[in-house]
Ligand SMILES: [Zn+2]
């Protein structure tokens, strides 16, 4: 993944209903997903982190936590 000079990894949020993919910094993902679903889908869980990335994301988060701990 290219580094944009931003130290937070970018994570794609995909919404099948809107047919959009938005890249947001990792720390904002949960908030962006919630806000999108809240505003556009009456709170339904339509938008989500790209499933292909979800597994990798868990690794990234785990790594981040490990880095913070040590
Ligand atoms: Zn949507």
- Could you please rank 35, 66, placing first whichever residue has the fewest other Cβ atoms within 10 Å of its Cβ? 66, 35
- Calculate, in nm to one decimal, what residue 52 and residue 30 gain on full extension: separation in residues at 0.36 nm each, minus their alpha carbon distance. 6.3 nm
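Compute the relative contact order of the chain as a whole-number percentage, counting only Cα pairs closer than 8 Å that sit 6 or more residues apart in sequence.
Values: 62 pairs, mean separation 19.8, N = 70.
Once divided by the residue count of the chain, the mean separation gives 28 percent.
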- Longest principal axis of the chain (C-alpha) makes with the long axis of helix 29-40 (C-alpha) an angle, in degrees to the nearest 10, of 10 degrees
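Sort 29, 49 so the one with the fewest other Cβ atoms within 10 Å of its own Cβ comes first. If you can, show how the numbers build up before the last one.
Numbers: 29 22, 49 19.
Lowest count first: 49, 29.
Rounded to a whole number, what is D in µm²/s for the chain from Stokes-Einstein with the Kirkwood radius over alpha-carbon pairs (4 °C, 1.567 mPa s)? Before the final figure, lay out the partial values.
Values: Rh = 12.9 Å.
D = 100 µm²/s.
Using Cβ counts within 10 Å as a stand-in for footprinting exposure, how do 39, 56 rank, fewest first?
Working: 39 9, 56 14.
Going from sparsest to densest Cβ surroundings: 39, 56.
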- Item | Residue with peak Gaussian network fluctuation, the chain [Cα springs, cutoff 10 Å], from 34, 19, 48 | 19
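Computed from the coordinates by the stated procedures, all read-outs in this text should not be read as laboratory data. Worth saying up front: this structure is predicted, and the values here are computed from it rather than measured. Because the Cβ atoms are built from the backbone with ideal geometry, glycine has one as well, and the counts that use them run over all protein chains shown.
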